[in-house]
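Student: Take this structure, written in structure tokens, and hold onto it; I'll ask about it next.
The values are calculated or read from the model by the stated rules, or taken from the named source; none is laboratory data. Remember, predicted model here, so these are calculated numbers, not experimental data. So basically every Cβ, Gly included, is an ideal-geometry build from the backbone, and we count neighbours across all protein chains shown. Heavy atoms of the whole protein, side chains included, go into the accessibility calculation; ligands, DNA and RNA do not. Shrake-Rupley method; radii C 1.70, N 1.55, O 1.52, S 1.80 Å.
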Amino acid sequence: MASGKVKTYKEHAFDHLKGLDGISDAQVEEHLKLYGGYVKNVNTLNQELTEMRGRGKPSGTNPEFAELMRRLGFEYNGMILHEYYFENLRKAAEPTPPSGSGIAQALNSAWGSLDKWKEDFQAVGDMRGIGWVILFQDPATERLTNHWITLHQDGVPAGFKPLLVMDGWEHAFMRDYKVTEKGKYIQAFFRNIDWSTVERRLREEAAVRPAVAA
Ligand SMILES: [Fe+2]
């Protein structure tokens, strides 16, 4: 793609997030603004790269080109992971998935019990550092595994489907909790999981998120 129309993204509205339990509307509002920044940055980066390619051959030894390319994964996944995260939250949520659901059965079969999986997922969340905790499914084997993603892009198993995504960056909870109270935020996250979304992601063959193309 040397030139041509630049594909852009729009922010998804996520207007279903008011009234969560233990994650305030103000926290969500601020977090959505931050998500909007990632959407904007993806669009800006793509625009800059298209213009640069339009001016001539892209070169790996051009520091400007290389820096933009290196930022692409960070900005893209900053947008993408927030879309998964906000989509798998809802108010008045059930604490656990229905016992007969596919996701309950899959978690039971992978960890022995729902509680064992939850303990493991929360332990990953307790890790120090900036990043995400994601329950993935490997589409090739249908195996479920928990992963720690540093920043937005380091540690993502290529092609795996995200089923449940938790933002573990401090900006996700610092309006509501102290920096030392990440555990309280993780507990709150678990009180707001939209299990029907997780179930749909398990059933869908492809990774589908509420992305908006402009
Ligand atoms: Fe975030």
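Student: How far is helix 25-55 tilted off the main Cα axis of the chain, in degrees rounded to 10, range 0 to 90?
Tutor: 30 degrees
Student: Would you tally the net charge around GLY60, using a Cβ to Cβ cut-off of less than 12 Å, leaving GLY60 out, and scoring K and R as +1, D and E as -1?
Tutor: 0
Student: What is the distance, in nm, between label points placed 7 Å from the Cα along the Cα-to-Cβ direction at ALA214 and at ARG128?
Tutor: 4.0 nm
Student: Something else: Can you give me the three principal axis dimensions of the chain from its C-alpha atoms, in Å, biggest first?
Tutor: 57, 40, 31
Student: With every protein chain in place, what's the accessible area of MET52 (1.4 Å probe, Å², nearest 10)?
Tutor: Per-residue accessible area (MET52): approximately 20 Å².
Student: Per DSSP helix of 4 or more residues, -39500 (n - 2.57); summed, then divided by the residues of the chain. What does that give at 222 nm, rounded to the nearest 500?
Tutor: -15000 deg cm²/dmol
Student: I've got another one for you. Of LYS161/LYS184; LYS18/LYS116; LYS7/LYS33, which sit over 24 Å apart, Cα to Cα?
Tutor: Beyond 24 Å between Cα atoms: LYS161/LYS184; LYS18/LYS116.
Student: Here's something else I'd like to know. Quick one: helix 114-125 against the long Cα principal axis of the chain, what's the angle to the nearest 10°, folded into 0 to 90?
Tutor: So the helix axis and the longest Cα principal axis differ by about 40 degrees.
Student: What range in the chain is the longest one free of GluC sites (Glu not before Pro) that are in a loop by DSSP and have at most 11 other Cβ atoms within 10 angstrom?
Tutor: 1-203
Student: Say a site is exposed when it is one of the trypsin sites (Lys or Arg not before Pro), sits in a DSSP loop, and has at most 11 other Cβ atoms within 10 Å; what is then the longest site-free stretch of the chain?
Tutor: 19-127
Student: I've got another one for you. Run the simple label-point estimate for LYS33 and ASP120 please: 7 Å along Cα→C-beta, distance reported in nm.
Tutor: For LYS33 paired with ASP120, the spin-label model returns 3.9 nm.
Student: Right, next: Under a Cβ-Cβ cut-off of 14 Å, what is the net charge of the residues other than GLY129 that fall near it, where Lys and Arg count +1 and Asp and Glu count -1?
Tutor: That sum, taken over residues with Cβ under 14 Å, equals -2.
Student: In whole Å, largest first, what are the principal axis extents of the Cα atoms in the stretch 1-126?
Tutor: Here the spans come out as 58, 33, 26 Å, largest first.
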